[in-house]
Amino acid sequence: LCTDGMITLRSKEVDTGKITVSANISATVVYLPEKESGVRKLSLTMPFSAAVEAPEVDETCPVVACLRLCSIDARMLNPRKILVRADVMTRLEAYCEGEMVICDRLEDESEGGIQVLTATREVSPVTQVGEKTFVLSDEYQIPSSKPPVGELLSPRVELNVDDVKSVGNKLIFKGSARVWLLYAGTDGQPSVAEYATPFSQIMEMEGIGNQPQARIMLMLTGAYFEPVSTAQEGRVMSAEIHLVAQAVCSDNRSVDYIADAYSNDYALSMKNEDMTLTSIVRRVEIRETIRELVETDEPVREVINIYPVAGVAAVENNSVKCPVTVSIVFRSDSGNLRAVTRRFNVEANMEQLEPGMEAQVHQVSFGDAYASAAAGGLELRLPVDFDVLITRKVNIMPITEITVLEDSPIDNQNRPSVIVICTDGKPDIWALAKKYNSTPELIAAANSLNEAEGQSGRLLIIPKAR
């Protein structure tokens, strides 16, 4: 009828030049036995590991691991044997602590008559990476409209972070664990109950900065569901959900650096360093809803279970594209249990990104799924939510070293004391001062300019620096 699965993270290991993660896929195959009534389940644990070569990392590097089930299915090889196959997307982020030195002024501003141009760029360096494990415990009441639990067939858990705030060196994040319990009632027939367990957690994070932006990635490390046999005739389920929250904090900062320099007295020797930094622009949430008619081989009387699974999402040409597989278990008009699986290619339009911007999908989740009987099959409505992080690459070439070549003085004797030029468009005062052996301050004062960039289309007096 259906195949379901959950991933639980077991370990993250970092060796010199290598990252390894291991996990378990808890798979459940729900099937109809031959010549018997009711449903049965086959549960199995599929160990999984992934290793990535990363020459830059060592044992001191924290790692963030996000593993997601992209598809899971079962195929019958013979009446006593099945093949279960799962596709897992693994995203690993490793962070190495480092120091970046950027010069924004001269040690001796009087030496050699050096003029300095300072530029400012907005960047978002990662300031801290941390994690916290915690456990959610709850009891779920089976609604009176549904049969009591005879046997739990397949639990499913979806983790969501709804809000993240920083107070001092603490991160406060809130969210919920949505739980679907597919179970066989005391009559042997399948049914589904849905719940949500909210949580609020505090994570200590030293040195996160003044304007931190935090991403929280949640992973299951264990999930246990048991009927409470003594409570209300099997209508209460106890839940214990083990989680690890992985946090990556970035801080929005303004970086000043020396972009250019010159001297009216001596030639200079300068060294630059090419740096590429990242600036977080914003996070956006995009929703696209699947509205499709899913054809069935028999008329539908009742929908029992809807199980959506998202594949690998990517941003292409200002739209988010993601394959989504939906499996639906239903009861036909004849009373038979049936299942149908459809794959949809979801595409959600994004805003036009400016040059230099990049977008990455960090989470795919689903809203409330709904399917109802319709002519020819099932009318499916499934909201798909994408959490997208938009960043910008910031390329700078700061000057890291300036040497005054005292044996190469600049001869200004034959240069005129004053030069008058006609500007075409808004003039670059720095470039004019550098070209004509002046300073931006002298040009601004001689022309009564209020702004460093001056005014467009006018005569400018450029006095020589003395």
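Among the residues making up the range 134-148, a single one is in a strand (DSSP E or B), open to solvent by less than 20 Å² (accessible area, probe 1.4 Å) and of a type outside the set (Phe, Trp, Tyr): Leu136. Within the range 382-399, identify whether any single residue is more than 30 Å from Ala259 (Cβ to Cβ) and open to solvent by 60 Å² or more (accessible area, probe 1.4 Å), and answer yes or no. Checking the range 382-399: not a single residue is more than 30 Å from Ala259 (Cβ to Cβ) and open to solvent by 60 Å² or more (accessible area, probe 1.4 Å). Of the numbered criteria (1) exposed (fewer than 12 other Cβ atoms within 10 Å of the Cβ); (2) assigned to a strand (DSSP E or B), the one Asn414 fails is (2). With the condition kept exactly as written, say whether any residue in the range 446-458 is more than 22 Å from Ile114 (Cα to Cα), assigned to a loop (DSSP other than H, G, I, E, B), modelled with pLDDT of 80 or more and open to solvent by 30 Å² or more (accessible area, probe 1.4 Å). Looking for residues that are more than 22 Å from Ile114 (Cα to Cα), assigned to a loop (DSSP other than H, G, I, E, B), modelled with pLDDT of 80 or more and open to solvent by 30 Å² or more (accessible area, probe 1.4 Å), one finds at least one in the range 446-458, hence yes. Pull up the range 77-86, narrow it to residues that are within 20 Å of Tyr307 (Cα to Cα) and not small (Gly, Ala, Ser), then point me to the one that is least open to solvent (accessible area, probe 1.4 Å). The selected residue is Val84. Of the numbered conditions (1) among the β-branched types (Val, Ile, Thr); (2) in a strand (DSSP E or B); (3) under 22 Å from the mean Cα position of the chain (by Cα), Ile208 fails exactly one; give the number of that condition. That leaves (2) as the condition not met.
Listed conditions (1) under 30 Å from Glu441 (Cα atoms); (2) open to solvent by less than 50 Å² (accessible area, probe 1.4 Å); (3) out of contact with any Leu (no Cβ under 9 Å at 6 or more places or on another chain) are all met by Ile114, apart from (3). Restricting the range 87-111 to residues that are assigned to a loop (DSSP other than H, G, I, E, B) and acidic (Asp, Glu) leaves a set whose member that is least open to solvent (accessible area, probe 1.4 Å) is Asp104. Going residue by residue through the range 72-82, is there one that turns out to be β-branched (Val, Ile, Thr) and either farther than 18 Å from Ser327 by Cα or in a loop (DSSP other than H, G, I, E, B) (or both)? Yes; the residues of the range 72-82 include at least one that is β-branched (Val, Ile, Thr) and either farther than 18 Å from Ser327 by Cα or in a loop (DSSP other than H, G, I, E, B) (or both). Selection within the range 163-173: residues that are part of a strand (DSSP E or B) and either at pLDDT below 90 or not acidic (Asp, Glu) (or both). The member of this set that is surrounded by the fewest Cβ atoms within 10 Å (Cβ to Cβ) is Val167.
Taken as a whole, the range 190-201 holds at least one residue that is among the aromatic types (Phe, Trp, Tyr) and either open to solvent by 10 Å² or more (accessible area, probe 1.4 Å) or touching a helix residue (DSSP H, G or I) at 6+ places or on another chain (Cβ under 8 Å) (or both). Pairs meeting the criteria (first residue in the range 273-292 and within 30 Å of Glu379 (Cα to Cα) and touching a residue at least 12 places away in the same chain (Cβ under 8 Å), second residue of a type outside the set (Phe, Trp, Tyr) and outside any strand (DSSP E or B), beta carbons under 8 Å, at least 6 apart or on different chains) are Val284/Met350; Val284/Glu351; Ile286/Met350; Arg287/Gly367; Thr289/Gly367. Residues of the range 210-234 that are open to solvent by less than 50 Å² (accessible area, probe 1.4 Å) and over 24 Å from Thr127 (Cβ atoms): Leu220, Gly222, Ala223, Phe225, Val228, Ala231, Gly234. Of the residues contained in the range 251-265, one or more are found to be surrounded by 16 or more Cβ atoms within 10 Å (Cβ to Cβ) and outside any strand (DSSP E or B). The residues in the range 174-195 that are part of a strand (DSSP E or B) and farther than 20 Å from Val309 by Cα can be counted, and the count is 5.
So, of the residues in the range 16-71 that are of a type outside the set (Asp, Glu) and without any contact (Cβ under 8 Å) to a residue 12 or more places away in the chain, which turns out to be most open to solvent (accessible area, probe 1.4 Å)? Among them, the one singled out is Lys35.
The values are calculated or read from the model by the stated rules, or taken from the named source; none is laboratory data. Here the structure is a predicted model, which is why all the values come from computation and not from measurement. No Cβ is skipped: glycine too gets one built from the backbone with ideal geometry, and neighbour counts run over all protein chains shown. The accessibility values were calculated without ligands, DNA or RNA, using every heavy atom of the protein model including side chains. Shrake-Rupley method; radii C 1.70, N 1.55, O 1.52, S 1.80 Å.
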